[in-house]
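What follows is a set of notes on a single structure, which appears directly below.
The values are calculated or read from the model by the stated rules, or taken from the named source; none is laboratory data. It should be emphasised that the depicted structure is a prediction, and the values quoted were computed from it without experimental measurement. Backbone-built Cβ (ideal geometry, glycine too); neighbour counts: all protein chains shown. Please note that ligands, DNA and RNA were not included when accessible areas were found on the heavy atoms of the full protein model with its side chains. Shrake-Rupley method; radii C 1.70, N 1.55, O 1.52, S 1.80 Å.
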Amino acid sequence: MTSRPDAYTFRFEPNPFWSHFYVSGPEIREYIHNTVRKWGLDDHIELNSNVIESVWDEDLGKWKVKIEENGKIKEDEADIFVNASGILK
């Protein structure tokens, strides 16, 4: 097995057991799903939604985020904002 720690993994959850040097989307997806389950992140992730706007509020020290999901717009705030868009589906 070939490791590629920086290309496909989160630094807090290394995976030295990739099947190939360049792994397929399904293997990366499985790694991400396992990581989400292990760290209990399910309730903090929103899928199938679009970020309409994200603005850093200096006074609050938080991100103000507008999200569109199923035709509805909702507003939220966050201490950390991660752009996790990509081509993996």
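Details
- Residue list for the range 16-25, filter: surrounded by 14 or more Cβ atoms within 10 Å (Cβ to Cβ) and within 19 Å of residue 84 (Cα to Cα): 23
For every residue, the table says whether it meets (1) touching a residue at least 24 places away in the same chain (Cβ under 8 Å); (2) more than 13 Å from the chain's Cα centre (by Cα); (3) within 15 Å of residue 9 (Cα to Cα); (4) open to solvent by 100 Å² or more (accessible area, probe 1.4 Å).
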site: 27; (1), (2), (3), (4): no, yes, yes, no
site: 38; (1), (2), (3), (4): yes, yes, yes, yes
site: 43; (1), (2), (3), (4): no, no, no, yes
site: 48; (1), (2), (3), (4): no, no, no, yes
site: 57; (1), (2), (3), (4): no, yes, no, no
site: 60; (1), (2), (3), (4): no, yes, no, no
site: 65; (1), (2), (3), (4): no, yes, no, no
site: 70; (1), (2), (3), (4): no, yes, no, yes
site: 75; (1), (2), (3), (4): no, yes, no, yes
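- Contact map, the range 3-19: first residue at pLDDT 85 or above, second residue not in a loop (DSSP other than H, G, I, E, B), Cβ cut-off under 6 Å, separation 6 or more or different chains; pairs are 13/35; 14/5; 15/31.
- Going through (1) open to solvent by 100 Å² or more (accessible area, probe 1.4 Å); (2) farther than 17 Å from residue 78 by Cβ; (3) hydrophobic (A, V, I, L, M, F, W, C) one by one, residue 32 falls short only on (1).
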